[in-house]
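What follows draws every value from the coordinates through simple rules; no lab data is involved. Note that the coordinates shown come from a computational prediction; the quantities given were computed from them, not determined experimentally. Backbone-built Cβ (ideal geometry, glycine too); neighbour counts: all protein chains shown.
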Amino acid sequence: MNRLLLPFVAGALVAGQANAFVINDIRLDGLQRISAGTVFNALPVAIGDDVDNPELADAVRALFKTGYFQDIQMGRDGNVLVVTVVERPSISEIKIEGNKAIKTEDLKKGLKQAGLADGEIFQQATLEAIRMELERQYVAQGRYGASIKANVEPQPRNRVAITIDIKEGKVSTIQHVNIVGNKVFNSEELLELFELKPSGWLSFYSNDDKYSREKLSGDLERLRSWYLDRGYINFNINSTQVSITPDKESVYITVNVDEGQKYSVKNVKLAGDLVVPEEQVKALLLVKDGQTFSRKRITTTEDLITRRLGSEGYAFANVTGIPQTNEEDHTVDITFFVEPGRRTYVRRINFQGNTKTEDEVLRREMRQMEGAAASTYKIEQSKVRLNRLGYFKEVTSETTPVPGTSDQVDVNYTVEEQPSGAITASIGFSQGDGLILGGSISQSNFLGTGNRVSLSANTSKYRKLYSFGFTDPFYTVDGVSRGYNVYYSETDYDETDVTNYNVDTMGADMTFGYPISETSSLNFGVGIESSTIKEGNDPAWIVSHFLKDEGDKFTNFKGTIGWSESTLNHGLLPTKGYSQGVSMEVALPGSDLHFYKLHYRGQYFFPLASDYSVRFHTRLGYGGAYGSTSKLPFYENFYGGGFGSIRGYKDNTLGPRALQSDGDYDPIGGNVMVEGGVELLFPLPFVKDQRSMRTVLFLDAGNVFDTDCSTAKDSNGKDQVKMCSKPDVGDLRYSAGVGLTWITPLGPLTFSLAKALNNKDDDETQVFQFSLGAPF
């Protein structure tokens with residue numbers, strides 16, 4: 001029954017019995033799921049009321065407004081008011097069929113928000129509105145042939161089952177995009193700005209030929225910005241036509257433009273309250289007299305001045321560049337009006353999302369202090385320092401005004417934690433080594449304190465390695481760090497032929513780091529190391545000679561000094577900035593051997609387009625001896641190959657090889673290391689969250705050399721060392737491939753597929769390599 005006619009029908013039924021009466025009781029008929037209390041709460045009349053026809057009509061309207069009933073009738077039985085209702089059916093089930101472009105979960109979520117869900121009251125008008133909205137969404141995706149049909153099937157106990165049948169159809173493809181009215185720039189140049197393009201042979205991958213209203217709006221805005229940045233201040237898009245073929249599969253787009261005249265800048269002025277020296281503000285003006293007008297320069301200048309004022313505590317400063325055109329000579333006068341607002345101060349700094357990391361660890365990275373003037377530079381710098389910790393996937397900051405004040409703000413940092421440690425474990429058996437057990441744990445944010453702790457233990461029949469390390473990055477409140485390391489390794493190859501020399505080492509060291517700026521620090525360390533050298537069953541000739549000349553037990557006191565700098569935007573997977581470090585390790589006077597080693601490591605990230613960056617990296621090393629020691633001890637040599645070096649070659653196999661007594665040559669390393677490379681960082685397709693993952697295309701180059709190659713021969717005339725030379729570009733090894741790093745709960749997991757490009761006969765190559773615990 002029509003909802004608008006029901007009150008009048010009910011009034012006519014009542015009028016047949018009496019015009020007015022006093023209600024002694026109210027009887028409800030027809031209720032199934034709706035409670036009597038719900039009806040009485042909505043009913044505007046009660047027992048004892050004297051009612052007439054208009055009041056009963058109002059009562060019917062009030063019950064209809066609840067939306068629970070599709071029919072309402074009122075009658076009188078003596079002085080008893082009889083309310084007879086027919087409830088709307090409830091929804092027992094909603095089925096959605098045929099959808100692919102929009103997920104079923106998203107559709108059901110939207111239906112629920114509109115009031116259509118299992119157990120809810122069914123209303124036909126709501127279902128029709130939902131059907132039309134779904135069609136609109138598909139049209140917005142370019143699916144003009146989409147159709148939505150909703151079937152309602154009655155079920156027992158006044159329920160209905162709804163089936164929404166969706167025929168999405170094909171996305172209409174763009175056949176042609178035409179720009180009309182352009183004279184200064186040709187259409188081919190302008191169409192390069194568009195994300196929407198006619199169908200091409202790569203469209204199946206890029207989907208740039210699928211029409212979308214939102215994409216077209218973005219393209220038109222890019223077109224407008226193109227002209228406004230090149231002096232055409234009066235540029236206008238007169239109209240846009242989108243035509244669809246009768247089969248609704250092809251789209252033709254026509255954009256009509258009016259370029260207008262080209263304008264140049266005549267005068268640039270400042271106005272308003274500058275609050276900082278005018279010379280400093282003028283130095284930020286990118287817009288100069290005589291330049292071609294550019295909206296981009298104006299907005300960039302606005303941002304620069306706003307940031308400058310923000311660094312002085314004017315967090316809500318407003319800078320507006322106002323152009324005034326001169327039609328006679330096609331010039332523009334630009335006035336930058338500065339409204340600094342009130343100087344603001346930080347009331348509180350709050351942290352959210354750090355479920356594991358202590359607040360103190362975050363707060364000590366803050367450069368913005370509570371109670372001080374709010375500086376946009378210091379707030380941003382604090383955010384950058386949090387990102388560099390490497391504990392978080394993402395760090396965001398928000399400045400919110402304090403209610404009831406005009407000069408106070410709260411700064412809220414929201415972090416999303418990620419794994420900041422690595423766990424490795426191994427178990428196996430081999431005829432040579434017997435049972436192999438091993439494991440290591442490293443945590444750069446131990447128990448949320450920000451301290452770095454590492455513990456490892458590996459043991460087999462012939463090898464034992466134990467180590468422990470601890471570093472407190474804030475040993476003092478000024479950021480001085482202190483670290484300890486203790487390690488012990490023991491090898492025993494008396495009964496097996498595994499290597500040409502064995503080293504048993506025990507040592508400990510202490511390190512300190514002193515920050516000298518926001519991005520750099522000095523590092524110092526001292527330690528003691530005791531080493532015992534043993535020959536294998538088939539020792540290398542140079543090992544035997546060294547042990548004969550120097551002995552086989554050495555105690556060395558080591559000192560280190562270094563400098564490091566980092567402007568990287570993230571601690572684990574950076575995409576912008578650079579880092580570099582140089583260090584020197586020296587066996588101090590009083591040691592059994594006298595040698596030194598120099599290291600340099602650097603990397604630079606250069607952002608390209610969105611989500612793409614280029615990384616350049618290098619690693620250099622040089623070692624030598626002084627005093628009575630003739631050359632760098634062979635067991636301190638540099639090695640090359642593998643992760644962190646030249647991928648595609650086996651770990652530690654590049655460079656000089658030493659002749660063993662059995663006639664084989666094994667890697668012995670060298671005192672010079674030269675490594676470098678370039679990587680293209682790109683997002684992995686079909687993966688939404690790229691923050692814990694990195695894919696790269698890489699080219700690696702490098703090798704290990706020796707500046708004092710031995711030319712001695714053994715008794716058979718064979719060189720004691722081969723593949724040994726002073727640094728030479730012609731002896732560099734190259735490789736290329738693809739790599740992946742994934743930050744897992746067990747630590748960074750890295751893979752690479754690499755091809756050695758110029759390997760020699762004795763080189764040992766390895767196409768697939770992986771590592772758990774350190775990103776490459």
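Details
- Overall Cα dimensions of the stretch 603-678 - principal axes, largest extent first, Å: 56, 34, 11
- FRET efficiency estimate (nearest 0.05) - Cβ-Cβ, residue 213 to residue 86, R0 41 angstrom: 0.45
- The stretch 264-339 has equivalent-ellipsoid semi-axes of 24, 11, 10 Å, by the square roots of 5 times the alpha carbon gyration tensor eigenvalues, sorted largest first.
- The distance between label points at residue 296 and residue 197 comes to 2.0 nm (points 7 Å beyond Cα on the Cα→Cβ vector).
- Placing +1 on the Cβ of every Lys and Arg and -1 on the Cβ of every Asp and Glu, with nothing else charged, gives the stretch 612-721 a dipole about its Cα centre of roughly 520 debye.
- Positive-pole candidate from 24, 451, 506, dipole of the chain, charges at beta carbon: 24
- Extending 7 Å from Cα along the Cβ direction at residue 662 and again at residue 176 yields two label points whose distance is 7.7 nm.
- For the stretch 505-641, the mean projected area of the C-alpha convex hull, equal to one quarter of the hull surface, is 10.8 nm².
- Net dipole in debye of the stretch 345-417 [+1 Lys, Arg Cβ; -1 Asp, Glu Cβ; about Cα centre; nearest 20]: 220 debye
- Dimensionless Rg over Rh [the stretch 90-133; C-alpha; Kirkwood]: 0.94
- Taking a sphere under 13 Å around the Cβ of residue 77 and counting the other residues whose Cβ falls inside, with K and R at +1 and D and E at -1, yields a net charge of 0.
- Among 363-376, 281-294, sorting by the average number of other beta carbon atoms lying within 10 angstrom of each residue, highest first, gives 363-376, 281-294.
- Under a model in which nothing but the beta-carbon of Lys, Arg (+1) and Asp, Glu (-1) is charged, the chain shows a dipole of about 1180 debye around its Cα centre.
- Cα-Cα over 20 Å, subset of 95/170; 722/760; 553/713; 108/215; 95/149; 296/383: 95/170; 553/713; 108/215; 296/383
- Leading residue at positive end of dipole, the stretch 571-645 (Cβ point charges), from 641, 572, 598: 572
- If you take all other residues with their beta carbon under 11 Å from the beta carbon of residue 583, and give Lys and Arg +1 and Asp and Glu -1, the sum is +1.
- Sites residue 753 and residue 32, calculated FRET efficiency, Cβ-Cβ separation with R0 60 Å, nearest 0.05: 0.35
- In this structure, residue 23 and residue 135 have a Cβ-Cβ separation that, at R0 = 45 Å, corresponds to a calculated FRET efficiency of about 0.40.
- For residue 628, the shell of other residues with beta-carbons less than 11 Å away shows a net charge of -3, using +1 for Lys and Arg and -1 for Asp and Glu.
- Three semi-axes of the equivalent ellipsoid, the chain, Cα gyration tensor, whole Å, largest first: 71, 38, 31
- Taken over the alpha carbons of the stretch 511-567 as equal point scatterers, the Debye sum produces base-10 log I(q)/I(0) values at 0.20, 0.22, 0.26 Å⁻¹ of -0.76, -0.83, -0.99.
- Helix 53-65 and the longest principal axis of the C-alpha atoms of the chain enclose an angle of approximately 20°.
- The ratio of the alpha-carbon radius of gyration of the stretch 345-417 to the globular-protein estimate 2.2 N^0.38 Å is 1.06.
- Bins of 10 Å from zero: percent of alpha-carbon pairs in the stretch 493-772: 6, 24, 31, 26, 11, 3, 0
- Extension gain, residue 468-residue 71: 0.36 nm per intervening residue step, less the Cα-Cα distance, totals 135.0 nm.
- Within straight-line cross-link reach of residue 688, aspartates and glutamates at Cα separation under 20 Å, skipping those fewer than 8 residues along the same chain: 105, 106, 208, 394, 416, 417, 611
- Highest average packing first - 43-50, 328-335, Cβ atoms within 10 Å: 328-335, 43-50
- Considering only 194, 70, 729, and ranking their Cα positions along the charge dipole of the chain that arises from unit charges at the beta-carbon of Lys, Arg, Asp and Glu, the one farthest toward the positive end is 70.
- Modelled label reach - residue 247, point 7 Å along Cα→Cβ, the stretch 126-156 residues with backbone N closer than 14 Å: 145
- Helical runs assigned H by DSSP (4 residues or longer) give the chain a calculated mean residue ellipticity at 222 nm of -5000 deg cm²/dmol, each run adding -39500 (n - 2.57) before division by the residue total.
- Directionally averaged shadow of the stretch 173-258, computed from the convex hull of its alpha-carbon atoms, nm²: 5.7 nm²
- Axis of helix 213-228 versus longest Cα principal axis of the chain: the two differ by about 70°, to the nearest ten degrees.
- Normalised per residue, the volume of the convex hull around the Cα set of the stretch 90-167 (Å³): 76 Å³
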